[in-house]
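Single-structure report; data block below.
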Amino acid sequence: MSQAEVGEAIGVSHAFISQAESGAKQPSEINLHALAALLGFQETFFLAPLTAEFREDDCNFRRRRTTPAGVRTRILSHGTLFGELVDFLDAAVALPKYSIPTLRASNANDIELAAEKCRMQWGLGLDLPVKNMMRVLERSGAIATRFPASAGKIDAFSRSGARGLVVLNTDKGSTSRARFDMTHECGHLVLHAGLSASRDENEEEADRFASAFLLPRAGFVREFPRTIGRVRLETLFPMKLRWKTSIAALVRRAFDLKLIDGLAYQQAFRQIYAKGWHKGEPPSTEPPDEPPEVVRLSLEFLQKKSQTSTLDVAAALGWQYKVLADIAPDALPSDVPPPEPKGRDVVSLDFFRAKKAKQAE
């Protein structure tokens with residue numbers, strides 16, 4: 001919603017909403033109540049400090065310059081709220097230990113070596129396909145979520161820190177490309193932690209990492225069909241099915257490893273565009289979906305261990321239930337209504353005990 005739309009909905013000017021956002025003015029009790037009801041939060045949410053705000057300079061995402069400011073603001077806000085949910089869960093349950101290394105790379109070979117080091121550290125070897133990239137990412141301690149981010153605007157974005165966070169776009173329409181996106185974000189966490197997110201080289205380096213990680217050179221060189229001249233795309237389907245990547249990713253990897261020349265590469269991509277595969281490859285060749293799991297499993301654990309429902313979690317964060325459903329849609333059952341509240345703003349004491357114990361460590 002724009003400032004004008006919010007102001008009109010609660011009966012104030014858009015200038016007042018701007019001043020409230022900046023902290024120049026404080027809303028009255030009635031206006032605060034109206035804002036909370038309109039936007040899906042409790043009044044307490046607006047009075048509490050943000051634990052880890054997502055800022056544009058800290059987050060890696062593609063098409064930074066061409067993405068409208070409103071879209072950037074929306075997805076960064078989504079990331080900030082997701083970060084608060086992860087902080088809550090980090091204090092309440094034992095999330096996977098963060099084990100994503102920071103590796104600097106100054107050239108293509110360094111990136112290849114970084115991808116190979118990560119594969120070995122995570123027990124994946126150097127010549128086998130990754131069965132489930134989301135599990136690799138989350139077992140290494142990075143936590144992911146997905147939400148509609150305006151198709152064609154933002155593929156995914158991530159923020160490094162004490163625990164890397166990844167936000168993925170559900171509008172991709174291609175599971176193989178979604179796998180590449182999550183591996184691309186893993187590349188940012190490995191290669192660019194602590195560096196400016198506005199570096200021009202970041203996106204190209206993360207693409208190279210994703211390609212090297214999903215298609216390690218030892219296995220890829222052995223399996224890529226030997227060809228002279230033109231690449232026949234139909235011969236790549238067995239590799240696509242086995243390695244769970246797009247045909248486009250296979251062609252690019254073959255070019256990077258000098259298995260095909262520039263002419264064959266250009267001809268292959270002309271075929272891809274002529275077939276419409278740049279918008280989506282044949283559905284029958286796409287790998288299974290790989291949804292995030294850690295947040296869902298954490299919420300299920302809290303429910304079983306301490307009867308802390310998802311509604312209790314939302315209340316502890318100062319959210320209405322619908323906000324939690326928007327921020328972590330894969331974590332909540334779509335066909336089950338939210339649980340009845342135990343009382344206004346009631347939260348299980350087990351959460352606070354866990355938080356206190358963690359702070360004492």
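Every listed requirement among (1) at pLDDT 95 or above; (2) within 26 Å of Pro288 (Cα to Cα); (3) aliphatic (A, V, I, L, M) is met by Ile111 save one, (2).
A count restricted to the range 264-297 and to residues that are out of contact with any Phe, Trp or Tyr (no Cβ under 9 Å at 6 or more places or on another chain) and polar (S, T, N, Q) stands at 3.
Ala197 satisfies every condition listed in (1) in contact with a Phe, Trp or Tyr (Cβ under 9 Å, 6 or more places away or on another chain); (2) in a helix (DSSP H, G or I) except (2).
Lys97 meets the conditions (1) crowded, with 17+ Cβ neighbours inside 10 Å; (2) over 20 Å from Ile17 (Cα atoms) in every case but one. The failed one is (1).
Of the candidates Gly280, Gly262, Gly318, the single residue that is surrounded by fewer than 18 Cβ atoms within 10 Å (Cβ to Cβ) and either modelled with pLDDT of 95 or more or farther than 22 Å from Thr183 by Cβ (or both) is Gly262. With respect to the stated conditions, Ala315 fails to be touching a residue at least 60 places away in the same chain (Cβ under 8 Å) and touching a Ser or Thr at 6+ places or on another chain (Cβ under 7 Å). Given the condition over 23 Å from Ser140 (Cα atoms) and either in contact with a strand residue (DSSP E or B) (Cβ under 9 Å, 6 or more places away or on another chain) or surrounded by 18 or more Cβ atoms within 10 Å (Cβ to Cβ) (or both), answer yes or no: does some residue in the range 42-54 qualify? Looking through the range 42-54, at least one residue is over 23 Å from Ser140 (Cα atoms) and either in contact with a strand residue (DSSP E or B) (Cβ under 9 Å, 6 or more places away or on another chain) or surrounded by 18 or more Cβ atoms within 10 Å (Cβ to Cβ) (or both).
The single residue among Ser140, Ser160 that is surrounded by 21 or more Cβ atoms within 10 Å (Cβ to Cβ) and within 15 Å of the chain's Cα centre (by Cα) turns out to be Ser160. Cβ-Cβ distances below 7 Å connect the following pairs, each with a first residue in the range 79-95 that is farther than 11 Å from Arg159 by Cβ, a second residue that is surrounded by fewer than 20 Cβ atoms within 10 Å (Cβ to Cβ) and of a type in the set (S, T, N, Q), and a separation of six or more residues or different chains: Glu84/Thr51; Asp87/Thr51. Among the residues of the range 130-166, those that are at pLDDT 95 or above and farther than 28 Å from Ala52 by Cβ comprise Val130, Lys131. For the range 245-259, the tally of residues that are in a loop (DSSP other than H, G, I, E, B) and surrounded by fewer than 22 Cβ atoms within 10 Å (Cβ to Cβ) stands at 3. Mind checking whether some residue in the range 95-116 is touching a Ser or Thr at 6+ places or on another chain (Cβ under 9 Å), within 25 Å of Ala315 (Cβ to Cβ) and assigned by TED's automatic domain parsing to the domain that holds Glu286? Yes: one or more hits. A single member of Pro287, Pro339 is closer than 22 Å to Glu138 by Cβ, in contact with a helix residue (DSSP H, G or I) (Cβ under 9 Å, 6 or more places away or on another chain) and either surrounded by fewer than 18 Cβ atoms within 10 Å (Cβ to Cβ) or at pLDDT 90 or above (or both), and it is Pro287. On the given criteria, is Leu195 of a type outside the set (D, E, K, R), surrounded by 23 or more Cβ atoms within 10 Å (Cβ to Cβ) and modelled with pLDDT under 95? No. Filtered by the rule that a residue be among the aliphatic types (A, V, I, L, M), buried (at least 23 other Cβ atoms within 10 Å of the Cβ) and assigned to a loop (DSSP other than H, G, I, E, B), the range 200-230 gives a lone residue, Leu215. Could we say that Ala268 is surrounded by 13 or more Cβ atoms within 10 Å (Cβ to Cβ), farther than 30 Å from Ala328 by Cα, touching a Ser or Thr at 6+ places or on another chain (Cβ under 9 Å) and without any contact (Cβ under 8 Å) to a residue 40 or more places away in the chain here? No, not satisfied. Just one of (1) assigned by TED's automatic domain parsing to the domain that holds Arg199; (2) touching a residue at least 24 places away in the same chain (Cβ under 8 Å); (3) not polar (S, T, N, Q) fails for Leu35. It is (1).
The values are calculated or read from the model by the stated rules, or taken from the named source; none is laboratory data. Just so you know, these numbers come straight off a predicted model, no measurement behind them. Note that we place each Cβ from the backbone using ideal geometry, even for glycine, and neighbour counts take in every protein chain shown.
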